[in-house]
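Each value in this text was obtained by applying a stated rule to the coordinates, not by laboratory testing. Since this is a predicted model, take the numbers as computed values, not measurements. Heads up, the Cβs are rebuilt from the backbone with ideal geometry, glycines too, and the neighbour counts pull from every protein chain shown.
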Amino acid sequence: MQKVAVVTGAGSGIGRAVAIALGAAGFRIVLTGRRRAPLEETAQQVCQAALVLPVDVTDAYAVAELFRQVCENCGRIDLLFNNAGVAAAAVPFEDLSAQQWRAVIETNLTGAFLCAQAAFRLMQAQRPQGGRIINNGSISSAAPRPHSAPYTASKHAVTGLTKSISLDGRAYDIACGQIDIGNAATPMASAMQAGIQQADGSLRAEPTFDSRHVAEAVVYMASLPLDANVQSLTILATKMPFIGRG
């Protein structure tokens, strides 16, 4: 039986790379994100027919409808790659508005929760029972950049969410792990090569690495039987300032 994978934020960057790699690995792919056009572009690059279902992950009703359609069209879900997220403008903490805070938390944390909960419910109810959820975290949760409170807080919380799902899913053969990525070469990381603020206030260009290596890591995590789990995996540019940051 062909396994089914839902990839959020699949219209570009890490989401697109992972969707393409999972399709090549034999998964039936459901692509979701806010805008249809980029999702259709991703679908054209997946090696088999992919289902495109645009959704705003911050909308609880829309997320419930998304997973209802997944169940209706695919019969089950074996993998959720919980990838949708937004970066935040670098704003000094004292100048950060409540609106800026909420915008990041709603997508990166609440959106991840809503998608994970909907997937969890399907995995719990389906037969054979079980499945896997992989959350996209960030190395910033452990070593934040300057002026990044909303993003850092959201990703730190995703780590707690991952651990809670991992624990609560044991009874239903639902495995949950997290991948933390540092400086993969995506549109979101383009500023790294131009120069980004460091902890000492200086601006420095930082190395990046090909996002296909992230996709390969996710495929490995997804390929494991449900009695084995990669709880946490960190992949980053070897020479980026992370170890020893600050």
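Can you find, within the stretch 147-183, the residue that is farthest from Glu106 (Cα to Cα) among those that are of a type in the set (D, E, K, R) and not in a helix (DSSP H, G or I)? It would help to see each step written out before you state the result.
Just the residues of the stretch 147-183 that are of a type in the set (D, E, K, R), to begin with: 155, 163, 168, 170, 173, 180.
Going one step further and asking which of them are not in a helix (DSSP H, G or I), we end up with 173, 180.
Working: Asp173: 28, Asp180: 19 Å.
Restricting to residues being of a type in the set (D, E, K, R) and not in a helix (DSSP H, G or I), the top hit is Asp173.
Limited to the stretch 90-132, what total is found for residues that are touching a strand residue (DSSP E or B) at 6+ places or on another chain (Cβ under 7 Å) and touching a residue at least 60 places away in the same chain (Cβ under 8 Å)?
Result for the stretch 90-132: 7.
Can you work out which of the residues in the stretch 198-246 that are under 28 Å from Leu22 (Cα atoms) and among the small types (Gly, Ala, Ser) is farthest from the chain's Cα centre (by Cα)?
Residue satisfying both the conditions and the ranking: Ala228.
Identify the single condition in (1) surrounded by 19 or more Cβ atoms within 10 Å (Cβ to Cβ); (2) farther than 17 Å from Asn82 by Cα that Gly137 does not satisfy, given that it satisfies every other one.
Going through the list (1) surrounded by 19 or more Cβ atoms within 10 Å (Cβ to Cβ); (2) farther than 17 Å from Asn82 by Cα, Gly137 breaks only (2).
Looking only at the stretch 192-246, count how many residues are surrounded by fewer than 16 Cβ atoms within 10 Å (Cβ to Cβ) and farther than 20 Å from Asn83 by Cα.
Residues meeting the conditions: 22.
Residues are listed down the side, and each one gets a yes or a no for (1) in a loop (DSSP other than H, G, I, E, B); (2) of a type in the set (A, V, I, L, M, F, W, C); (3) within 13 Å of the chain's Cα centre (by Cα):
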residue: Gln100; (1), (2), (3): no, no, no
residue: Leu122; (1), (2), (3): no, yes, no
residue: Asn135; (1), (2), (3): no, no, yes
residue: Arg145; (1), (2), (3): yes, no, no
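If we keep just the residues of the stretch 20-44 that are in contact with a Leu (Cβ under 7 Å, 6 or more places away or on another chain) and over 17 Å from Ala119 (Cα atoms), which is surrounded by the most Cβ atoms within 10 Å (Cβ to Cβ)?
Filtering first and then ranking leaves Leu39.
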